[in-house]
Protein chains: 2
Amino acid sequence: MTQPDERPKKLATRLAPVLEQLQRQTVVESVTHRQQQQRADLIENLVQRQQRAALVRELNKLNKADIGHLLNMLPADKRHTVWAELPNATAAGVLLELNDAVAEDLIDLTAVPRLLSILECLDSDELTEIDDLIPAAILQQAINALEANERRWVTQTIAYPEGTVGDNMSRDSLTIAEQATINEAIERVRSAPELPPQTDKLFVINRHRQLVGIVPLVELMRHPGEVMIRDCMDTDVVSFAPNDDAEDAGQAFERYDLISAPVVDEQRRLIGRLRVETIMDYLREVAESQALAKEGLKADTDLFGPILEGARERWPWLVINLFTAFLATRFISLFEGTIEQLVALATLMPIVASVGGNTGNQTAALVIRGLAMEQIQAGNLGYVYRKELVISLLNGTLWGSLLGVFAWLLYGNPLLGAVMMAAVTLNLLLAALIGISVPLLLDRLHKDPAMGSSVVLTFATDSMGFFLFLGLATLILV
Amino acid sequence: MTQPDERPKKLATRLAPVLEQLQRQTVVESVTHRQQQQRADLIENLVQRQQRAALVRELNKLNKADIGHLLNMLPADKRHTVWAELPNATAAGVLLELNDAVAEDLIDLTAVPRLLSILECLDSDELTEIDDLIPAAILQQAINALEANERRWVTQTIAYPEGTVGDNMSRDSLTIAEQATINEAIERVRSAPELPPQTDKLFVINRHRQLVGIVPLVELMRHPGEVMIRDCMDTDVVSFAPNDDAEDAGQAFERYDLISAPVVDEQRRLIGRLRVETIMDYLREVAESQALAKEGLKADTDLFGPILEGARERWPWLVINLFTAFLATRFISLFEGTIEQLVALATLMPIVASVGGNTGNQTAALVIRGLAMEQIQAGNLGYVYRKELVISLLNGTLWGSLLGVFAWLLYGNPLLGAVMMAAVTLNLLLAALIGISVPLLLDRLHKDPAMGSSVVLTFATDSMGFFLFLGLATLILV
């Protein structure tokens, strides 16, 4: 036997206990962090050693979600090797589990014929899940390959803007006519070739396909078989319109503990279904992209992507920050004469700016949460302003005085201390004002307040920190 | 009729169309943001006008989740008035829906006898949901009032640390013996006096109460009645241990699209159930408290709470930031002589510090996401460091040069421009290094990297921004 054939055997022998443990654990145990890492190490090892046969064998043992997670963890080149080994049907399932950045990278490098074969393995729901990652021309080809009614549904659905309920709904739901009996409904469940995922209830419709109620699956087992659906259905239904905001829908899912909910058009005709899984995915994606967007990064920024692209991705944010920092320091340049006379001012001024920024960001964080949870409204806005301004006045006086004393002791100049105290207090008041107003304004403009607030705020507290401190110093000290 | 009796009538007439619309909409429509606001305005109005009877009437029309949301929105004093009007059973349900901050506030002001009556309305699952908000002595009294087996379960469950699966699991689940038939299982569902919420499957146990599989409810309808559960159950079960991390469990729920999952002890005996609802709640709470913790605020910070408390809540963060800002400016004081000779340095130095901080926070945000999604591991760490350092070198050279040219043009000093460029590039390299290392270090120490990273990073990039720029200027310019 030749070398290359012997190596995998040795490797397999060495890794046998690990593998056995992994397999056992995928069956009845939850997959822990450590196990995932072991698995990733194993696969990476096989890719490195170009053990193609062993790699394929190992991949076959994993489910699509786990392969997806693995690809998310691998550096780009190894990710590509594993992707190339996946059968099209598996690749299709895996595609749905990937980070957007990783999925886009893999879609980009997949030859068009293979990509089309992969997309053919997806049903219409799955296709609409990843439609925005696929180049338009290829997406159109994939849509054309669908059956007529699926094609119509996909075309309609991808037209709903991102972040709407329509963009996140799925097609299949189990419906039952209001005049059917419990027995007929059970027969409907029994005879369905495949049940839509997360089916927890039947949607009850009248002859115009209008939603009139729901029947939880368990209720089918708890009523006598001859009872009419119309007499035992629940008419207290939380439903959504396709243009509703998906985040609002997420809040409703949480508030009413929903697993699935109907989506209806203006005539209350059933047009789709919203599932807790999709909503959870969506909320996680939003939270994630917000965390990145706060630092001026896009949600599809790929930590393992090419370097030049990584450098270019950061330019817009760099430019904005260079520009605002530059502008803020222009306030310093107004007072260069004052600084020349009392250089201690140059040393102390960043403190005034920095404390303002931090306090303003605290206020903004509270206001952003209040807006997200719909706690802030016209009626209590005055209260919020008053409260935050009083807090700033208190804390500004208290901590500003302390800073003032420090400055006095450090430079032996009591007036410098007084300037410090006044500037800190005024800058904290300004920070509170801006910390409330900017998120509110962004919210009114239907922008995400979590995003732009910090740039504007930092610019304002920096500029005004410099201006107030140096301006007061010029008036009082020089 | 007297004034006070006439007023509600007028108000009711005026508000009749709004009310009617609201009622209709709670039945079959989703409740939109606007409707919630209208409702809050109406209730607030009734509280303001002290229309007690009308207020009680309106509250009766709302479900517990909606009353909870309303209380979250009301300023503290009005919140207290509404709370006082709620019957104990309603108050108990509402308590579960409140923000922690609001719930704590209301629990604090409720007289002990009423609080105990309210807690008596909660079952053991509900009690463990809010156990950490209730003063220990009162919680113990409430637990003592439970039946023996409930009491044992609650006592066990509240012992699991926060953030574990055990802390989030619920007690009730529908179980079936492996040797039962489908018909017996259906009878079990039919005869249960009340089904646990979000029951989507039966847990199959052997005679030792060990978990051996699951049967989705729908499957009960899709198999012939005489089939044995053991022959049709699914043995590929994702289960959790009570000490597993709740966030990891959340990821598993997402990855495997779970609605509920069993919690088992070391002998695989069933001890509880984890529900998608609880996990969603938990994940949202974590995300929320992270957003606040990043700005040094506690999750239970109450935007509508008392002012003095609000001021005091911000002290720790203020002190940390004052201290680090003060420390960072000590680096400036080292070079006061240099600044005296070239005051332009004072104007330009904040730009170097600020650009470093922003770049470092970008890197940190990417690393924090990579850690949260378990994409970063020992094997690809070197790649991440190399990539981020090269990006910093590229961007530092490019944008540093631009800044340098600006500085040169502004102050007519080409050497000042060169110092600017060098300082920006070096500070960006340092920012990348720290942006990766600090989150990693916090993660290794089992701290949340999203929390402390930004303080350390800003301190480092500020200090080094000042030090590098002024140090280079001292070497080259003076």
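Where a number appears in this text, it was derived from the coordinates with a stated rule and is not lab data. All figures in this text were calculated on a predicted structure; none of them were measured in a lab. Cβ coordinates were reconstructed from backbone atoms using ideal geometry, including for glycine residues, and neighbour counts include every protein chain displayed.
List of remarks:
- Taking the Cα centre of chain B as reference, the dipole from Cβ charges on Lys and Arg (+1) and Asp and Glu (-1) amounts to some 1000 debye.
- With 20 Å as the limit, the listed pairs B:294/B:447; A:387/B:78; A:64/B:201; B:64/B:294; A:298/B:387 have A:64/B:201; B:64/B:294 beyond it between alpha carbons.
- Calculated FRET efficiency for the pair residue B:446/residue B:177, C-beta based, R₀ 45 Å, to 0.05: 0.65
- Positive-pole candidate from A:473, A:182, B:390, dipole of the protein assembly as shown, charges at beta carbon: A:473
- For residue A:256, inter-copy label distances in nm, listed shortest first [label point 7 Å out on the Cα-Cβ vector]: 2.9
- Table column - 3J(HN,Hα) (Hz), segment A:215-224, Karplus curve with 6.51, -1.76, 1.60, x for Gly and Pro: 10, x, 3, 4, 5, 4, 7, 9, 10, x
- R0 of 30 Å, Cβ-Cβ distance residue A:152-residue A:257: FRET efficiency to nearest 0.05: 0.35
- Overall form of segment A:160-213 per C-alpha gyration tensor (a/c, 1.5; a/b vs b/c): oblate
- Gap separating the Cα centres of segment B:400-459 and segment B:190-231, nearest whole Å: 59
- Judged by the gyration tensor of its Cα atoms, with axes a ≥ b ≥ c, the protein assembly as shown is oblate; a/c meets the 1.5 cut and b/c is at least as large as a/b.
- Closest approach of a chain B Cβ to the axis relating B and A (residue, whole Å): B:346, 2.
- Pseudo-label separations to other copies for residue B:451 - Cα-to-Cβ vector, 7 Å, nm: 2.9
- DSSP beta bridges confined to the protein assembly as shown are antiparallel in about 80 percent of cases.
- Here chain B yields Rg over Rh of 1.10, to two decimals, using C-alpha coordinates and the Kirkwood radius.
- Projecting the alpha carbon convex hull of segment A:175-292 along each direction and taking the average yields 8.0 nm².
- Shown here for segment B:204-253: trypsin sites (Lys or Arg not before Pro) in loop regions (DSSP other than H, G, I, E, B) with at most 10 other Cβ atoms within 10 Å, namely B:207.
- If only the Cβ of Lys and Arg carry +1 and only the Cβ of Asp and Glu carry -1, the dipole of segment B:242-397 around its Cα centre is close to 400 debye.
- Positive-end residue of B:299, B:318, B:289, charge dipole of segment B:284-324 with Cβ unit charges: B:318
- From the alpha carbon centroid of segment B:296-331 to that of segment B:59-124 is 30 Å.
- Each copy carries a label point for residue B:150 at 7 Å from Cα along the beta-carbon vector; from one copy to the others these points are 5.1 nm apart, nearest first.
- Cα-based convex hull volume of segment A:261-395 per residue, rounded to whole Å³: 227
- The DSSP beta bridges internal to chain B are antiparallel in roughly 80% of cases.
- Taking amide H as placed 1.01 Å from N in the peptide plane, the amide H of residue A:213 sits under 5 Å from that of A:204, each at least 5 places away or on another chain.
- Two tests apply to each whole DSSP H helix in chain B, Cα reach of 24 Å or more along its axis and mean Kyte-Doolittle hydropathy of at least -1.0, and the ones passing both are B:3-28, B:276-293, B:315-333, B:344-372, B:378-411, B:414-444, B:449-476.
- Tail beyond 22 Å, pair distance distribution of segment B:314-476 (Cα, percent): 45
- Multiplying the residue separation of residue B:114 and residue B:57 by 0.36 nm and subtracting their alpha-carbon distance yields 18.4 nm.
- Measuring r between the beta carbons of residue A:159 and residue B:243 and using R0 = 41 Å, the FRET efficiency lands at 0.30.
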